[in-house]
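Let me begin by presenting the structure, written as structure tokens, before commenting on it.
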Amino acid sequence: MLDAPVRIEIHGSVALLLVDNPPVNATSLAVRRELLAAIETAEQDAAIDALVIACAGKTFIAGADVREMDKITADPILPQVVQRIEDCTKPVVAAIHGTALGGGCEIALACHGRLMAPESSMGLPEVKLGLIPGSGGTQRLPRLVGLVAALDIITSGRRVTAAEALSLGLVDRIAGTDLQADAIALARSLAGAPLRRLSQLPVPAADAASVEAAIAAIKKKARGQSAPVVAAEIIRLAAELPFAEALARERAAFLDLIASDQSKALRHAFAAERAVTRVPHLEGVVPHAVESVGIIGAGTMGAGIAVAFADAGFPVTVVETSAEAAEAGRGRVASLWDRQVKSGRITQDERDDKLARVRVVQDYAELSDADLIVEAAFEDMAVKHAIFAKLAAIAKPGAVLASNTSYLDINAIAAGHARPADTIGLHFFSPANVMRLVEVVEPQAASKEAVATGVAVAKKLGKIPVVCKVCDGFVGNRILASWRAIVELMLEDGAFPEEIDAALEAYGMAMGPFAVSDLAGLDIALARRKRLAATRDPAARYPSAIADRLCEAGRFGQKTGAGWYAYKDGKRAVDPFVTQLIEEVAAEKGIKRRPFPAETIQRYVRAAMVNEGARILEEGIVPRALDIDVVLMTGYGFPSWRGGPMFEADQIGLAAILSDMRDVFGFVGKGYEPAPLLEALAARGKGFADLPLEADA
Ligand code: NAD
């Protein structure tokens, strides 16, 4: 039977159990069942002395079958299989290649010997789905590597390379060129000797203070996320309770977490990140091949984008305006890799190889062979028009011309030159070589092939493309602008920056909005306000009087030593100047300030985000609520364990969001009306996930 998920191959006295369940050998029900049966068959076979568990294809077992997670799982469940492996009376060796993740790692931990291919890795990434290892991982790993290392590996969910695994004692050996042959030899050498069953080993003695310090650090870092905290508590039990008792606690905690809102949200985040790349209206569209890339401008963004492309192996040609600017740009590109060399992430040779892929030149004609050109020059419409006119003249037929503009109208950019069908937006986030999100902006005149090329290329960079239509700020910056206005108005009405930042950090955002503003510089938002001044609705309340006064005082954030906060030795502190300024502005406007409890701040910000998201859906800027969730989670520090604002709104219920939005409208007024789509869905008891709705009968 060729397509059996587990096959037994006999190599003399060793039975090699080969798991073959493409694409990643997930521990589906069929795999669990067959693996259990194969262990029993081999154990009973008198001609067999030892067993090897290995996998076909590109990887060892790389986790559970995510599709089975929402269903009731049938026997044998993974903990039974894992226990059966450990209980086997003959030695079992895991032969690991690719990645042994989650349940795959737990299977390896149940074996009596472990062997890894040099380029492989292991990990227990369950926390990333809001879970903990549920098949003994929290109890076996500390017995092997100690409590502190186990806490780190499990609560971070990170991957452990073969070299690190060997030094930690997580594996016995690194294989040579023939993993299976080496595993068979190892298994044979273990036959007849007492078996090393991890559940029977003591946890290595650890310094209590370092364990407590590690757990305290994990709690602090979790910022509201439960899985790492629960994991830490359960891991600690390894040293406190008999194995079986602690194992039962692990299982109970795992089952609690799998039913939790946080895990549902993280599973949504996981699925949504994959779903965004399947864009309904681009189905079947063939992208252009992209082999070489041009970039205009080697500033902050251009340099980061060049690094992102070179990291992915593309040759890159960057155009700058002068010899000096080119030299400075080259320096910026090199410095991004230099930092990685310093931190040990890449070697000097790798850095040199990458740098050799990037040329910074001054002549646009050098881009005539590029398949894709990304413009990252100044944020100025006249500059963009001039650049795109040149690109239209020199780019080869079929080349895609992309702008990295944050706010300018890409429809207008596209209409201003001879190649509108080839023109799209590729909105990278800073730092562009690190941030995973790319908004692929689709102007009206763009060909589907050009947009599909943007998606394909972003994927090649290891990034997450979200396709959207043109609007001010696209998805992310538009939603950001909507709730940034609310928090600034809350300042006038009674809150202080430190209260708002604390409330939103407690909500799970990576950094509060005023701290972010100080980091980015208050001049960025000021420039936007100036640009939009002419089109602002005079009847709508102006949110930025306080910010304007800070800019007038020369307080542009960290770079000027002061902004919303004072900065001393890089540490932020509440500044009485700001407190007083806020009270003054409120008094001038005749506002009677009132307290905003943290919970109110959180609800209002969430409502504003969701309301703007509803408008974005209403206008067809993106087709699905999950597109918005992915933008906020991958580009704006929105906590993944809440699943994105739209997912969270559905969980809470849109009636509650609508009521909060009415409160927001109550104190802000015009411009903050609840979105018609939000009202319509709430009235029908529906959520954003129900879109598109069947027409009303
Ligand atoms: P920057 O000022 O750091 O860099 C712009 C670079 O473009 C400069 O080096 C300049 O010499 C060069 N340049 C200007 N005109 C040129 C021309 N005609 N030909 C070739 N090079 C030219 O700006 P930045 O922050 O990198 O922003 C670039 C673009 O990216 C803007 O449109 C901006 O809105 C957008 N963006 C910025 C960020 C961010 O966080 N900085 C994030 C996303 C998008």
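The values are calculated or read from the model by the stated rules, or taken from the named source; none is laboratory data. Computed from a prediction, not measured in an experiment: that's the story for all the values here. Cβ coordinates were reconstructed from backbone atoms using ideal geometry, including for glycine residues, and neighbour counts include every protein chain displayed. What goes into the accessible areas is simple: the full protein's heavy atoms, side chains included, and nothing from ligands, DNA or RNA. Shrake-Rupley method; radii C 1.70, N 1.55, O 1.52, S 1.80 Å.
May I ask you to list pairs of residues, at least six apart or on different chains, whose Cβ atoms are under 7 Å apart, with the first in segment 144-170 being open to solvent by less than 20 Å² (accessible area, probe 1.4 Å) and the second being part of a helix (DSSP H, G or I) and hydroxyl-bearing (Ser, Thr, Tyr)?
Qualifying pairs under 7 Å: 154/138.
If a residue must be part of a helix (DSSP H, G or I), touching a residue at least 40 places away in the same chain (Cβ under 8 Å) and open to solvent by less than 10 Å² (accessible area, probe 1.4 Å), how many such residues does segment 106-136 contain?
Selection size over segment 106-136: 5.
With respect to the numbered conditions (1) aliphatic (A, V, I, L, M); (2) closer than 30 Å to residue 629 by Cβ; (3) near the ligand (Cβ under 10 Å from one of its atoms); (4) open to solvent by 30 Å² or more (accessible area, probe 1.4 Å), which one is the sole condition not fulfilled by residue 377?
Condition (2) is where residue 377 drops out.
In segment 597-621, which residues are over 19 Å from residue 653 (Cβ atoms), charged (D, E, K, R) and assigned to a helix (DSSP H, G or I)?
615, 618
Would you point out the residue of segment 431-457, among those that are open to solvent by less than 20 Å² (accessible area, probe 1.4 Å) and within 16 Å of the ligand (Cβ to nearest atom), that is nearest to the chain's Cα centre (by Cα)?
437
Return a yes/no flag: does segment 345-363 have any residue that is on the phi < 0 side of the Ramachandran plot, within 16 Å of the ligand (Cβ to nearest atom) and touching a residue at least 60 places away in the same chain (Cβ under 8 Å). Step through it out loud before you land on a result.
Narrowing segment 345-363 to residues on the phi < 0 side of the Ramachandran plot: 345-363.
Going one step further and asking which of them are within 16 Å of the ligand (Cβ to nearest atom), we end up with 358-363.
If we keep only those that are touching a residue at least 60 places away in the same chain (Cβ under 8 Å) as well, we get 360.
Yes, there is a match, as at least one residue in segment 345-363 is on the phi < 0 side of the Ramachandran plot, within 16 Å of the ligand (Cβ to nearest atom) and touching a residue at least 60 places away in the same chain (Cβ under 8 Å).
Results for (1) more than 22 Å from residue 526 (Cβ to Cβ); (2) at pLDDT 95 or above; (3) open to solvent by less than 80 Å² (accessible area, probe 1.4 Å), shown as yes or no for each residue.
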residue: 561; (1), (2), (3): no, no, yes
residue: 576; (1), (2), (3): yes, yes, no
residue: 588; (1), (2), (3): no, yes, no
residue: 596; (1), (2), (3): yes, yes, yes
residue: 599; (1), (2), (3): yes, yes, no
residue: 604; (1), (2), (3): yes, yes, yes
residue: 613; (1), (2), (3): yes, yes, yes
residue: 617; (1), (2), (3): yes, yes, yes
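Each row is one residue, and each column tells you yes or no for (1) within 30 Å of residue 261 (Cβ to Cβ); (2) in contact with a Cys (Cβ under 9 Å, 6 or more places away or on another chain); (3) acidic (Asp, Glu).
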site	(1), (2), (3)
13	no, no, no
31	yes, no, no
38	no, no, no
74	yes, no, no
93	no, yes, no
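Given the residues 272, 217, 244, which is the only one that is open to solvent by less than 30 Å² (accessible area, probe 1.4 Å) and either not charged (D, E, K, R) or not assigned by TED's automatic domain parsing to the domain that holds residue 465 (or both)? Give the derivation first.
Details: 217 fails: open to solvent by less than 30 Å² (accessible area, probe 1.4 Å); 244 fails: open to solvent by less than 30 Å² (accessible area, probe 1.4 Å).
From the options 272, 217, 244, the qualifying one is 272.
Going by the structure shown, is residue 428 closer than 29 Å to residue 528 by Cβ, aromatic (Phe, Trp, Tyr) and open to solvent by 30 Å² or more (accessible area, probe 1.4 Å)?
When the stated conditions are applied, residue 428 does not pass them.
Does residue 398 qualify as being within 34 Å of the chain's Cα centre (by Cα) and either touching a residue at least 60 places away in the same chain (Cβ under 8 Å) or near the ligand (Cβ under 8 Å from one of its atoms) (or both)?
Here the answer is yes, as residue 398 does meet what is asked.
Take the conditions open to solvent by 40 Å² or more (accessible area, probe 1.4 Å), under 25 Å from residue 442 (Cβ atoms), in the same structural domain as residue 447 (by TED's automatic domain parsing) and in contact (Cβ under 8 Å) with a residue 24 or more places away in the chain and apply them to residue 323. Does it pass?
Judged against the criteria, residue 323 is not a match.
Inspect all residues belonging to segment 25-47 and state whether any of them is touching a residue at least 60 places away in the same chain (Cβ under 8 Å), among the acidic types (Asp, Glu) and surrounded by 15 or more Cβ atoms within 10 Å (Cβ to Cβ).
Within segment 25-47 (the criterion being touching a residue at least 60 places away in the same chain (Cβ under 8 Å), among the acidic types (Asp, Glu) and surrounded by 15 or more Cβ atoms within 10 Å (Cβ to Cβ)), the answer is no, since none of the residues qualifies.
Applying the selection to segment 20-53, what residues are within 17 Å of residue 80 (Cα to Cα) and assigned to a strand (DSSP E or B)?
53
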